[in-house]
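Comments concern the structure below.
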Amino acid sequence: MPTAESAVSNSQSDAMQLPRTSESPSLKKIRHTASHVMAMAVQRLFPKAQVTIGPWTEYGFYYDFENPEPFTEQDLKAIKKEMAKLIKQKLPVIREEVSREEAQQRIHKINEPYKLEILEDIEEDPITIYHLGEQWWDLCAGPHVENTGDLNPKAVDLESVAGAYWRGDENRAQLQRIYGTAWETPEQLAEYKRRKEEALKRDHRKLGKELGLFIFSDEVGSGLPLWTPKGTILRSTLEEFLKQEQLKRSYQPVVTPHIARVDLFKTSGHWQKYQEDMFPLMSEDEQAAAAEQGFVLKPMNCPFHIQIYKNELRSYRDLPIRMAEFGTVYRYEQSGELGGLTRVRGFTVDDSHLFVTPEQLDEEFLSVVDLILSVFSSLQLKNFKARLSFRDPAEADKYLGSEEAWNKAEGAIRRAVDKLGINYFEGIGEAAFYGPKLDFIFQDALEREWQLGTVQVDYNLPERFDLEYVDEDGSRKRPVMIHRAPFGSLERLIGILIEEYVGDFPLWLAPVQARFLPVSDAQLGFAKQVAMQMQAQGIRAEVDTSGERLGKQIRNAEKQKIPVMAVVGAQEVEGNSLSIRTRASGELGSMPTAEVSEKMKDAIANYANF
RNA sequence: GCUGGUGUAGCUCAGCGGUAGAGCAGCGGUUUUGUAAACCGCCGGUCGCAGGUUCAAAUCCUGUCACCAGCUCCA
């Protein structure tokens, strides 16, 4: 029986193209039609079901239904069967143009109010309707295949059911969304499923467990990762790396507590605009609770750094001041939003707040972006997008501050990206409540998007905290703040890194850099001795003391993705050498122990591999 | 928070009304081993938790907690 691994190495399947819908006119038609066939099948089996929207996605399609009972996975099977029947009937797909009034009348006739709402949003006239045979139709822009018989029922599958809010609004009805996928051939479908399973193997939750990097404990609580010794090496190596980069750029480390009086967050505006994301108030007694007094866990570090700024009268000569802290924050994320390391309730931000004069803003902003891009480059992270995260004017109550402050801040960000010439897109409504951001977005193994690095321009908190500096002429001026975090959070970064590297960390980050594998117990002493010498030089080396045969030791080291394996047999002890095998290049043969140490130190210092 | 799904040994999973199983890991022994799995034995589970139905519950029902996919929301 072929294993999953042999399927991967099958060159034929590797070569198979699986275009995204947006890249393939024929898949666009197939998936459009498949979604209509699904909707028709659903309405035949569940006559009370109402059809709402049903677009294609990059790898399939979905349709949202209103139905008295939620669909179960059992229902999915029945729906799939019904779809096969409809495909077999070779129903012609007929496009019809009707007037707006005609469309309204027809919708009234079948009593589907959601469609009326959809109709209102369609701007172009006439309205296009697509029929499947004579019994079913929906509003649709198309395009479609000509006949349901053009679909291959063996290349269509229904994947999952999920609740989805009508119009994406959690205050409106929750509909039942059915996700499906459709391809030209059954082979493509099989390949698609295989690749989904492959992606699961890269999942940081799975790799994190296998490599022993972090755990979650039900007793500690959800969204609260615990870092094992190996994971902690990863974290602290990353921290140290960034600390060094920041020292080179005149950042000043600070340390602040995890809780503060709620008043601090009332001044900052968090209590007013961000309370939903905060853990509840800790009050000493009921009286204090009633007066809304007590302490809260910090959801952000900025108000603390602001206090340090305010502790002294600052001169224009002092600016810019760059305060940096790996600050652990706590946010009460809704339970359904938690997942692995990419969305947690307690996480450490590689935070910094820059207090600058208005004149310094542009230059400082650019230097921050430069730092962020250089950090990504050192981590070999290439696949990211830049997003200008601006406020949504339609939801003005979500944000603090004046129109003028926001316009100035957005202007600064625009000037910066234009000057840098980086590609970006705009995310309206993605701003922080106190200011707009430039965010760097990455994808995980399942192609979900996550924000890591961020730079934010803030005119509001300086105002709320009445921050000042004394300018050349002796007058008091208001500084501007830049909030920035190249990693975003250590947790999310590590989640993304694990998936990006598929667990194969570059040497400088690998929790265990070298493992000594004695061929027999006779070499154990020598192995321990050389490992200790390496440790003394700062190399993370360990010895396999299991007493297993060499083959098994290698297998275990490979599974743990340890970059350098040093085999020690009688010959090596004799010649004070090590037989080196690396994950990257396999067997490299014997070399003197001193040479191995030097090469490793060299590679580590240069973020390179052995 | 909402919808659907899943919780059985440290890990991966089988069992799905009638006395809790396998492989790996761990431990002990034999073997002293040369580049991805030596052999034998042993240990290991309030079947997520709490109620209920039943002569009998891992298995059916209810609640709850956690995880997974999606929605909403975000570093």
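Any read-out appearing in this document is the output of simple, stated calculations on the displayed coordinates, not a laboratory observation. Since the model is a prediction, treat every value here as computed from it, not as a measurement. Quick reminder, even Gly has a Cβ in these numbers, built from the backbone with ideal geometry, and neighbours come from all protein chains shown.
Summary table
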quantity: Projected label distance in nm at A:D466 and A:N111, using a 7 Å step from Cα toward the beta-carbon; calculated: 6.5 nm
quantity: Overall form of chain A per C-alpha gyration tensor (a/c, 1.5; a/b vs b/c); calculated: oblate
quantity: Amide H contacts under 5 Å for A:Y63, placed H, 5+ residues apart; calculated: A:I178
quantity: Built amide H within the under 5 Å cut-off of A:A432, gap 5+; calculated: A:K437
quantity: Spin-label pair A:K206/A:R261, simplified geometry with 7 Å Cα→Cβ offset, distance in nm; calculated: 5.2 nm
quantity: Set of lysines near A:K109 by C-alpha distance (under 20 Å), chain-local residues within fewer than 8 positions excluded; calculated: A:K48
quantity: Using θ = phi - 60° and Karplus 6.51 cos²θ - 1.76 cosθ + 1.60, couplings along segment A:437-443 (whole Hz; Gly, Pro as x); calculated: 9, 10, 10, 10, 10, 10, 10
quantity: Mean Cβ count within 10 Å, highest first, over the residues of peptides A:285-291, A:512-518; calculated: A:512-518, A:285-291
quantity: Derived scalar couplings ³J(HN,Hα) [segment A:462-472; Karplus, 6.51 cos²θ - 1.76 cosθ + 1.60; whole Hz; x for Gly, Pro]; calculated: x, 5, 5, 9, 6, 6, 9, 9, 8, 8, 3
quantity: Gap separating the Cα centres of segment A:450-486 and segment A:344-363, nearest whole Å; calculated: 9 Å
quantity: Paramagnetic reach from A:L550 (point 7 Å along Cα→Cβ, amide N under 17 Å) across segment A:578-599; calculated: A:578-583, A:586-593
quantity: Spin-label pair A:S217/A:Q529, simplified geometry with 7 Å Cα→Cβ offset, distance in nm; calculated: 4.1 nm
quantity: Extension gain, A:E120 back to A:T228 (0.36 nm per residue minus Cα-Cα distance, nm); calculated: 33.3 nm
quantity: Packing-based ranking, highest mean first, of A:582-592, A:352-362, A:524-534, A:116-126 given that Cβ atoms within 10 Å are counted; calculated: A:352-362, A:524-534, A:582-592, A:116-126
quantity: Qualifying lysines (Cα of each under 21 Å from Cα of A:K528; at least 8 residues distant if same chain); calculated: A:K230, A:K552, A:K561, A:K599, A:K601
quantity: Exposure proxy ranking, count of Cβ atoms within 10 Å, fewest first, for A:R345, A:R476; calculated: A:R476, A:R345
quantity: Global form of segment A:132-223, assessed from the alpha-carbon gyration tensor, a/c cut-off 1.5; calculated: oblate
quantity: Rounded if a/c under 1.5, otherwise prolate or oblate - segment A:466-600, Cα gyration tensor axes; calculated: prolate
quantity: Spatial separation of Cα centroids for segment A:25-73 and segment A:76-125, in angstrom; calculated: 11 Å
quantity: Amide H partners (placed H, <5 Å) of A:F516, local residues excluded; calculated: A:E542, A:V543, A:D544, A:A566
quantity: HN-Hα J in Hz across segment A:399-408 - Karplus 6.51, -1.76, 1.60, θ = phi - 60°, x for Gly and Pro; calculated: 10, 9, x, 7, 3, 5, 4, 5, 5, 5
quantity: Length added when fully stretched, A:M16-A:R448, from 0.36 nm per residue minus Cα-Cα; calculated: 153.2 nm
quantity: Near-label residues of segment A:469-507 by backbone N, under 18 Å of a point 7 Å along Cα→Cβ of A:Y316; calculated: A:469-481
quantity: Euclidean distance between Cα centres, segment A:544-610 to segment A:180-255, Å; calculated: 26 Å
quantity: Highest average packing first - A:325-333, A:30-38, Cβ atoms within 10 Å; calculated: A:30-38, A:325-333
quantity: Relative contact order %, chain A, counting alpha carbon pairs below 8 Å whose residues are six or more apart; calculated: 10 percent
quantity: Around A:H305: net Lys/Arg minus Asp/Glu count, Cβ-Cβ under 9 Å; calculated: -2
